[in-house]
Amino acid sequence: MSSKKSTSADPAEATYKPDKKFAKKARISSLSEYQELYQESIRKPQKFWAKEAKELQWRKPWSKTLKWDPPFAEWFTGGELNVCENCVDRHAEGPRKNKAAIIWEGEPGDKRVITYAQLKREVSKFANVLEKNGIEAGDRVLIYMPMVPEAAIAMLACARIGAVHNVVFGGFAADAILDRLEDSGAVAVITADGGWRRGKVIPLKPTVDDALQRFSKVRRVIVLNRCGNDISMQEGRDVWWADEMENVSAQHTAKGFDSEHPLFILYTSGSTGKPKGILHTSGGYLTGTYATCKYIFDMRDDDVYWCTADVGWITGHSYIVYGPLANGVTQVMYEGAPNFPDFGRFWQMIEEYGVTIFYTAPTAIRAFIKAGDAFPAKYDLSSLRLLGSVGEPINPEAWLWYHEHIGGGKCPIVDTWWQTETGAIMISPLPGATPCKPGTATLPFFGIDAAVLDDAGNECKPNEDGRLVIRQPWPSMTRTLYKDKARFKKVYWSDYPGFYTAGDGARRDKKGNFWIIGRLDDVLNVSGHRLGTAEIESALVAHHAVAEAAVVGRPDDLKGQAVAAFVTLKTGYEESPELVVELRNHVAHVIGAIAKPDDVYCTAALPKTRSGKIMRRLLKELVSTGKISGNITTLEDSEVITSLQKKITGGS
Ligand code: 6R9
């Protein structure tokens, strides 16, 4: 059965209404119900959030829901809770005791199922290990782990004792670890010997050693034996996870912490300058992640949920660890690459575990499109009932493929807009209520007063481009940049005093749907016309030969900016002057002559951060100057840049 109600012959332009059967069972089952509750939540946001927060377990009730001294917020002031207790103990002691919390699969095929009762024992033991090693509430602990259950256990154990974790994505190099150790002032590191990726061991401990040679304040390194690769252990500083766990009790009494007790710091990557340490606290963050999981992913007791992110990113924090576990759901966790041993791995796992809710990124979807429809077609994906997307605007081509080839034409797709800074999803369809259109994240979540403003601070008219802002505080918002309140104020709160500026360009259509154009620095101005790079990319990707595209502006005497496009081609297509002409005309045909790329470069791959975001900044520099001056350490593959540079400058 299809959820589609086409208002246009072109499927990319059609509106997809929630499936009736889905809507009937959903928590919010019609657009009017959403609208009514939304209006009420914006009139009285504190009332809405307090109701959600009350579903959590508090050790001490709060006395004030919100203390707002712009831009500094305190939520649930005076309240005390233990975040770990909410995610683990609460379920381990009730009817969910023997329910699977984590169904884990390692890349080589090893499998583990951890029930809530077992998770409680493991987390309690590890909390005892941390305390035995002198780690106290407020201490910063750097976590550098592969995607194994112990990564989540380490995070939860930190939360349990009030230590502040800083997870660093396992793909980052020693310099990135060093920056974070220094900025956060970490006293301990939790790592593993290595992790599996595309059939190979990626060593982790040696990278930590490298960073620690230049940072002496870390007293203890706890090392998980995952791969058995050869590593060295420094006497007196490094200890094995398994040895430590052997002699501690499985009982650990959790204390309550203040609602505003820091929970974690997560550094944003990819930007120039010093990394920004986004600080999140306890009660508000948990309330935001809990409530969004409940309404947006419609989590139920019989669901099997799978978010394919890494715990090194905010999506892994909010939608693998804290939100899903606060909801007591069963989730799948996977260690390795989506294409190991082939592009069928995800689909095979969905079939095997009966995954019902699946959350991934457009960049992954485009890789699957490129690999071909035959992979998902081999597996039974009928258990799926809801799909999610996050990380960048999802181009209609990817949306439609996801809808048809993964969702079988029946699953709602929640395109979720949010950021490391927002902590939880801000704009997204509600799966039983919101009509979807490929490419729009649709409407704000309850309590989120999102708007699009022009330079003067007025709300933009429908279809007019402006800046995306949030006008009222919300519980899961970042409280500050770690040790840098001034930068926090300047970066997010100085465009429109009192309002949070997301740094994204956006527009709303007549129905109020938010269309995210992309980061504001990715918006081009061609002959006085504003063009979203995402829009042009989406047009390129809609061409049958194109797998992935990145568009940047290059200075042009006549137009201000000219459009430079980089594309990777699908298997079976080859670069040719004819194809370049065809692609340019195709964009002109889809958007208009103004958007026609001036340059089209075919490339084997696009430069990406290790989290899969295309680094347009580098491409922009390359087309503007012919070279790269900045730091490219966050790149997944720096070869890509070298070969593009040759192509652009005509060098060999
Ligand atoms: C969760 C996450 C945040 C930036 C954000 C925006 C882009 C994320 C999006 C999206 C359009 C979506 N972004 N989700 N753009 N539609 N559904 O990705 O956090 O890594 O901090 O990135 O990602 O540009 O400003 P983070």
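The values are calculated or read from the model by the stated rules, or taken from the named source; none is laboratory data. Here the structure is a predicted model, which is why all the values come from computation and not from measurement. All Cβ positions, even for glycine, are placed from backbone atoms using ideal geometry, and neighbour counts span all protein chains on display. Only protein heavy atoms, including side chains, enter the accessible area calculation; ligands, DNA and RNA are left aside. Shrake-Rupley method; radii C 1.70, N 1.55, O 1.52, S 1.80 Å.
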Of all residues being over 16 Å from G284 (Cα atoms) and among the acidic types (D, E) in region 32-68, which is most open to solvent (accessible area, probe 1.4 Å)? Just the residue, please. E36
Looking only at residues in region 391-448 that are farther than 30 Å from V491 by Cβ and β-branched (V, I, T), which one is farthest from the ligand (Cβ to nearest atom)? I406
Any residue in region 413-424 that's over 18 Å from I365 (Cβ atoms): show its pairings with residues that are part of a loop (DSSP other than H, G, I, E, B) and at pLDDT below 95 at Cβ separation under 9 Å, as long as the two are six or more apart or on different chains. T420/W313
Need the failing condition index for D209 against (1) open to solvent by 10 Å² or more (accessible area, probe 1.4 Å); (2) in contact with a Leu (Cβ under 7 Å, 6 or more places away or on another chain); (3) without any contact (Cβ under 8 Å) to a residue 60 or more places away in the chain, just the number. (2)
Could you look through region 175-191, keep only residues that are in contact (Cβ under 8 Å) with a residue 40 or more places away in the chain, part of a helix (DSSP H, G or I) and open to solvent by 10 Å² or more (accessible area, probe 1.4 Å), and pick out the one that is farthest from F257 (Cα to Cα)? D175
Residues of region 78-107 being more than 25 Å from the chain's Cα centre (by Cα) and either crowded, with 20+ Cβ neighbours inside 10 Å or not charged (D, E, K, R) (or both), in sequence order, are G78, G79, L81, D89, H91, A92, G94, P95, N98
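Residues checked against (1) under 21 Å from R96 (Cβ atoms); (2) modelled with pLDDT of 95 or more; (3) buried (at least 24 other Cβ atoms within 10 Å of the Cβ):
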residue: I320; (1), (2), (3): yes, yes, yes
residue: G328; (1), (2), (3): yes, yes, no
residue: E335; (1), (2), (3): no, yes, no
residue: F343; (1), (2), (3): no, yes, no
residue: Q348; (1), (2), (3): no, yes, no
residue: G354; (1), (2), (3): yes, yes, no
residue: F358; (1), (2), (3): no, yes, yes
Tabulated pairs, region 426-443, first within 15 Å of E535 (Cα to Cα), second part of a loop (DSSP other than H, G, I, E, B) and within 13 Å of the ligand (Cβ to nearest atom), C-beta under 6 angstrom, 6+ apart or interchain: T440/N513; A441/S428
Just to be sure I understand, how many residues within region 192-220 are part of a helix (DSSP H, G or I) and in contact with an Asp or Glu (Cβ under 6 Å, 6 or more places away or on another chain)? 1
Just need a number here: residues in region 482-498 that are more than 22 Å from P393 (Cβ to Cβ), within 16 Å of the ligand (Cβ to nearest atom) and either part of a strand (DSSP E or B) or free of Cβ contacts under 8 Å to residues at least 60 places away in the same chain (or both). 0
Cβ pairs under 6 Å, 6+ apart, first in region 535-547 and under 13 Å from P438 (Cβ atoms), second polar (S, T, N, Q) and surrounded by 24 or more Cβ atoms within 10 Å (Cβ to Cβ): S538/N395; V541/N395
Checking A192, A211, A157 in turn, the sole residue that is out of contact with any helix residue (DSSP H, G or I) (no Cβ under 6 Å at 6 or more places or on another chain) and small (G, A, S) turns out to be A192
What number of residues within region 504-514 satisfy the criterion of being open to solvent by 20 Å² or more (accessible area, probe 1.4 Å) and under 22 Å from I425 (Cβ atoms)? 4
Among the residues in region 476-486, are any over 30 Å from R180 (Cβ atoms) and of a type outside the set (S, T, Y)? no
Take the residues in region 456-481 that are among the hydrophobic types (A, V, I, L, M, F, W, C), outside any strand (DSSP E or B) and touching a residue at least 40 places away in the same chain (Cβ under 8 Å); name whichever of them is most open to solvent (accessible area, probe 1.4 Å). C460
Assess whether R220 counts as being at pLDDT below 95 and not acidic (D, E). no
Is there a residue being in a strand (DSSP E or B) and buried (at least 19 other Cβ atoms within 10 Å of the Cβ) anywhere in region 118-138? no
Strands (runs of 3 or more DSSP E) completely within region 255-365 that count 2 or more residues being away from the ligand (no atom under 16 Å from the Cβ) and touching a strand residue (DSSP E or B) at 6+ places or on another chain (Cβ under 7 Å): 262-268, 304-307, 330-334
So for region 371-380 (the condition being touching a residue at least 60 places away in the same chain (Cβ under 8 Å), more than 13 Å from the ligand (Cβ to nearest atom) and buried (at least 22 other Cβ atoms within 10 Å of the Cβ)), does at least one residue qualify? no
Filter region 381-390 down to the residues that are among the aliphatic types (A, V, I, L, M) and within 16 Å of the ligand (Cβ to nearest atom), then identify the one that is farthest from T422 (Cα to Cα). L386
Within region 377-400, work out how many residues are assigned to a helix (DSSP H, G or I) and farther than 24 Å from A506 by Cβ. 1
